[in-house]
Amino acid sequence: MAGRPAPGTPALKRLMLPQGELAQLYDGPEGVQYLAYAELHPGADRGHHYHKLKQEWVYLIHGRAEMFVQDLQSAERASLRLQAGDLVFIPTGIIHAFRPLEAGQMIEFSPARFDPQDIYPFRLT
């Protein structure tokens, strides 16, 4: 049937089908208890914090961004260029920030509920 994923297609995928894009972001045993949508504007970073309890996934719907991360314990740093369709996992204890390179949108989701007490500011430069 036209527009159906081929047998053996991975569970998490981004498919460009004749009827439009299908992005499967999560297929796992834990329930998602937090889901957020965020706009990205060049010149306005998002993040610059870490969580002790909440791990999260971020999916870039549209646009491009640079993601900066730093391990809280080891101080090891990295950066990654993201484009539409990229899905990244952010474990606990990882400082993270997103610098939009162009306007866009992203979705953030987590098996943990949002807790404002679990946001620890940390400016990545």
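The values are calculated or read from the model by the stated rules, or taken from the named source; none is laboratory data. Since this is a predicted model, take the numbers as computed values, not measurements. Every residue, glycine as well, gets a Cβ built from its backbone with ideal geometry; the counts of neighbours run over all protein chains shown.
Here are some notes:
- Residue selected from the range 14-56 under the condition assigned to a strand (DSSP E or B) and charged (D, E, K, R), by the criterion modelled with the lowest pLDDT: Arg14
- For the range 62-98, the candidate set comprises residues that are exposed (fewer than 14 other Cβ atoms within 10 Å of the Cβ) and assigned to a strand (DSSP E or B); within that set, the residue that is nearest to the chain's Cα centre (by Cα) is Phe89.
- Odd one out for Lys54 among (1) farther than 20 Å from Arg14 by Cβ; (2) surrounded by fewer than 17 Cβ atoms within 10 Å (Cβ to Cβ): (2)
- Annotation note: Cβ proximity below 6 Å between a residue of the range 19-40 that is within 11 Å of Phe109 (Cβ to Cβ) and a residue that is part of a strand (DSSP E or B) (sequence gap 6+ or interchain) occurs for Leu25/Tyr59; Val32/Phe109; Tyr34/Ser110; Leu35/Phe109; Ala36/Glu108; Tyr37/Ile107.
- Contact annotation: residue pairs with Cβ atoms under 7 Å, 6 or more positions apart or on different chains, pairing a residue in the range 89-114 that is under 20 Å from Gln24 (Cβ atoms) with a partner that is basic (Lys, Arg) and assigned to a loop (DSSP other than H, G, I, E, B), are Ser110/Lys54.
- Taken as a whole, the condition of being crowded, with 19+ Cβ neighbours inside 10 Å and hydroxyl-bearing (Ser, Thr, Tyr) applies to Tyr59.
- Test: residue in the range 116-125 that is assigned to a loop (DSSP other than H, G, I, E, B), free of Cβ contacts under 8 Å to residues at least 40 places away in the same chain, surrounded by fewer than 19 Cβ atoms within 10 Å (Cβ to Cβ) and among the β-branched types (Val, Ile, Thr): yes
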